[in-house]
Amino acid sequence: MDPLIDAALRTRLNARATFSKFQVGAAVEDENGRIHTGCNVENATYGLTICAERVAVFKAISEGAGKFRRVAIVADTETLTPPCGACRQILWEFCGDVEIVLANLQGKSETLQLGQLFPRAFDASFL
Ligand code: THU
């Protein structure tokens with residue numbers, strides 16, 4: 001199995017999905033091949049919930065990673081779960097037009113470019 005999907009699968013089990021019961025795992029591969037993982041962490045005030053993708057990217061940045069190659073996202077859905085709008089913005093800003101690997105627990109997966117999922121993004125180039 002792709003080690004990036006495997007890392008996201010394993011990290012998904014750490015999700016704190018107390019309210020939605022919807023567990024998500026993410027894994028980001030940096031330019032050195034190092035893998036950084038994240039899971040969703042929910043909060044009783046709901047709005048403070050953070051998605052798996054953002055946890056993974058922010059962890060990676062805090063550990064000194066700068067550039068990224070791929071992001072894997074795993075959830076237990078028949079139709080592969082894509083990143084939410086907020087995560088697309090964060091992924092675009094910090095990872096650029098990277099490969100996004102969507103996968104589920106049945107071994108189904110699909111690879112897309114972030115630019116396909118998030119066309120005409122607003123970013124620092126406009127400022
Ligand atoms: N969630 C993620 O972590 N990533 C996604 O790509 C979609 C949604 C989380 C947020 C919340 O904890 C739960 O899934 C239900 O929306």
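Observations
- Here Lys59 is the anchor, and the lysines within straight C-alpha reach of less than 26 Å, apart from those fewer than 8 places off in the same chain, are Lys21, Lys67.
- Charge context of Tyr46, other residues only, Cβ under 15 angstrom, K/R +1, D/E -1: +1
- Leu117 accessible area, 1.4 Å probe, all protein chains in place, Å² to nearest 10: 40
- Most mobile of Leu13, Leu114, Leu48 in a GNM of the chain (Cα contacts under 10 Å): Leu48
- For the chain, the mean residue ellipticity at 222 nm estimated from helices alone is -8000 deg cm²/dmol, where every DSSP H run of n ≥ 4 contributes -39500 (n - 2.57) and the total is divided by all residues, rounded to the nearest 500.
- To put it simply, the accessible area of segment 3-119 at a 1.4 Å probe is 52 percent carbon and sulfur.
- Amide H contacts of Val24: Asn40, each under 5 Å away and 5 or more positions distant or on a separate chain (H built 1.01 Å from N in the peptide plane; Pro and chain starts excluded).
- Cα pair distances in the chain, grouped into 10 Å bins until the bin that holds the longest one, percent each: 14, 47, 33, 6, 0
- Mean Kyte hydropathy of -1.0 or more with a Cα span along the axis of at least 30 Å, helices from DSSP in the chain: none
- Among Ala17, Ala72, Ala27, the largest mean-square fluctuation in a Gaussian network model of the chain (Cα springs under 10 Å) belongs to Ala17.
- Listed residues Gln89, Gln106, Gln23, most fluctuating in the chain (Gaussian network, C-alpha, under 10 Å): Gln106
- Ranking of Arg16, Arg88, Arg69, Arg120 by solvent-accessible surface, largest first: Arg120, Arg16, Arg69, Arg88 (1.4 Å probe, protein heavy atoms only, all chains present).
- Using the Cβ-Cβ distance between Phe19 and Arg120 with R0 set to 30 Å, the FRET efficiency works out to roughly 0.35.
- Per residue solvent-accessible surface (Å²) - the chain, probe of 1.4 Å: 55
The values are calculated or read from the model by the stated rules, or taken from the named source; none is laboratory data. In this text the structure is predicted, and so the values were computed from the model without any measurement. Cβ coordinates were reconstructed from backbone atoms using ideal geometry, including for glycine residues, and neighbour counts include every protein chain displayed. Keep in mind that these areas ignore ligands, DNA and RNA; they rest on the heavy atoms of the full protein, side chains included. Shrake-Rupley method; radii C 1.70, N 1.55, O 1.52, S 1.80 Å.
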